[in-house]
Amino acid sequence: MTRARLVRRAVGCTIAAVVVGVAGWFFGMDAPHAAGLGAVVFALGAVLSLLGDQADVSWPVPPPQPRAGARRDVVQLGWSLGARGGRVSPEAVRRLRGLAAEVLDRHGVQLDDPAFARQAADLLGDETAAMLRKGTAAAPRPRDFAASLSRLEALARAGRPDADAPTSPTSTTSPLTVDTSGAE
């Protein structure tokens with residue numbers, strides 16, 4: 001607060017105190033009580049004028065800092081699995097639906113096409129196909145979601161050209177995480 005502003009506020013509080021004190025004396029208060037009333041008005045005005053200039057104490061929320069080796073999409077997917085009531089969130093079902101569409105596309109089946117509904121149910125299973133059907137607001141339990149994900153991974157592994165080749169136990173690539181961009 002600048003010195004000029006502080007002086008203006010003090011002068012304003014003094015003028016208000018004198019006006020209230022004189023008004024009290026004019027309307028019948030004795031002089032000591034009118035002076036006391038003026039002093040109370042001065043003190044109240046001074047305190048209230050100082051309260052208005054307090055600094056904002058809310059701290060801005062810092063943006064999340066990326067850590068070395070951390071993938072934000074994996075973290076978001078992990079948090080999206082949990083929802084209220086012990087069910088899987090719609091965001092996780094949407095992501096599973098996208099994976100299912102990609103895997104079924106490798107088998108020549110369109111997930112959204114009603115003509116392929118029977119083939120999709122045969123490949124995915126009736127429960128998984130019903131959960132992934134467009135327009136359903138299914139919120140599966142984590143156990144059902146994990147079973148659907150396992151079934152989808154097995155289907156993706158079976159659909160790969162090198163599915164007969166034994167996989168190494170130290171292999172970290174999953175059939176659902178292979179690069180499908182077509183770039184070599």
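Each reported figure results from applying straightforward, stated rules to the coordinates on display, with no laboratory input. Please read these numbers as outputs of a predicted model, since none were measured by experiment.
A compact table of results
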read-out	value
Under Karplus coefficients 6.51, -1.76 and 1.60, residue-wise ³J(HN,Hα) of the range 34-45 in Hz, glycine/proline x	5, 5, x, 4, x, 5, 5, 5, 4, 4, 5, x
Kirkwood-based shape ratio for the range 107-153, expressed as Rg/Rh from alpha carbons	0.96
